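What follows is one structure encoded as structure tokens, with my remarks underneath.
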Amino acid sequence: MDHSYGIVDICRISEDADQGYEDPGSSLAGKEFTGLLTESVLGSANRFFYNGRVFWNDGDGFHIFKFASPNKQDFNAGQGKVDANFHAIAGNTLFLSEALNVPYPADRIELLKRISPPTPDVAYPVDLFVRRPARVWNMPIDRPFGNWSVLAVFYFTGTGDRKFSTTLDAAKDLRLDPSKEYIVYEFWTKQLIGTFKGKFVTRPLGPYDCDIYSIVEKQNRPVLISTSRHVRNMAFDIKDLAYEGGQRVLRGASRAVAADPYQLRIYLPDGFAAKRVELSEDLTPRMAHDEHLLTVDFTSSTGRDVDWKVFF
């Protein structure tokens, strides 16, 4: 790898990984070379430190459904979800290696919408020296209007009813302040998981699946904890965000995609309830409130940025 320093912008950091997901009964690791997803998973973990420092890491192409595979097997929904999300979190390039010669299931198209485009933020494998391959990746995100973390947990392979869960230390594993309380929201299940301080226990995860958590510091006011646009939770689509305490208003600006339903997810501490929402572009919002979670839905017809205000 050293000969590439200062010469390239993007570098392949794995062997070719476009020959399928796994061999029957494979543990996804242990072979010298497979040409499968294994190569991306191991190569990305072993060379994570190059990403964003020397070049952007390319974990080779990924698949979501149908491709010219040697064994003629299509990816099922779980395999497509794991492969797409892994490339969206562990690396900073997205190369879709698909045949694209048949109609695609809606859930696979949804994957492509939610993982792209990449942002300049980079993740690190939390359990690099604990598991082979690493299953837990953390991505600290810092913006002028705030900071948060995107935590990804993967169950790459396996069969049966066995679940995977792990306990993460706020300081050592997630680089968070152990004295502060944090809110956790899971992107794909659209669930407010709750809050934690010091230790976070991931929810049990089944084979061929992944969870993408947004972790945001809890405040004594409403906090935006996620949006529906991207698995990196606000890193791409939120352009501005602020809370005006005097008026009890949370305001922001979001990049919109024409005709793509969009949702704001806001955590409400005790003593706060949403009164109304104002949107630019004469858009009509839909609010829903479930205990501490407030959701605001709207759909832009133009794709122009949407300014929004939520009054409490």
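Nothing in this text is a laboratory measurement; each read-out follows from the coordinates by a stated rule. Everything numeric here is computed off the predicted structure, so don't read it as measured data. Cβ: placed from backbone, ideal geometry, glycine included. Neighbour counts: every protein chain shown.
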Descending packing, highest mean Cβ count within 10 Å first, for 256-269, 41-54 is 41-54, 256-269
Excluding residues fewer than 8 positions from Lys66 in its own chain, the lysines with Cα under 21 Å of it are Lys81, Lys113
In degrees rounded to 10, the 0-90 angle between helix 106-115 Cα long axis and the longest Cα principal axis of the chain is 80 degrees
Listed by chain and number, the aspartates and glutamates with an alpha carbon less than 18 angstrom from that of Lys199, same-chain partners under 8 positions apart left out, are Asp127, Asp169, Asp173, Asp177, Glu181, Glu186, Asp211, Glu217
CD proxy, 222 nm, the chain: helix-only mean residue ellipticity via -39,500 (n - 2.57) per DSSP H run with n ≥ 4, per residue, nearest 500, stands at -3500 deg cm²/dmol
Residue by residue through segment 40-54, the couplings from Karplus 6.51 cos²θ - 1.76 cosθ + 1.60 with θ = phi - 60°, in Hz, x for Gly and Pro, are 5, 5, 6, x, 5, 5, 5, 10, 4, 5, 6, 5, x, 10, 10
Here FRET efficiency (C-beta to C-beta, Gln247 to Ile109, R₀ 35 Å, nearest 0.05) is 0.30
Straight-line reach check, Lys275, cutoff 19 Å on alpha carbons, 8 or more apart in-chain or any other chain, hits among lysines -> Lys309
The extension gain from Leu96 to Lys72, computed as 0.36 nm times the residue separation minus the Cα-Cα distance, is 6.9 nm
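FRET efficiency for Asp270 and Lys197, Cβ-Cβ distance as r, R0 = 25 Å, nearest 0.05?
0.90
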Cα-based Rg/(2.2 N^0.38 Å) for segment 2-115, rounded to two decimals, is 1.07
Extension length gain for Met287 and Asp161 (0.36 nm per residue less Cα distance), in nm, is 41.6 nm
Ser301 and Gln219 label points (each 7 Å along its Cα→Cβ direction) are spaced in nm at 3.4 nm
Segment 192-266 and segment 70-144 have their Cα centres apart by a whole-number Å value of 19 Å
One point scatterer per Cα, no solvent, Debye formula: log10 I(q)/I(0) for the chain at q = 0.13 Å⁻¹ comes out as -0.97
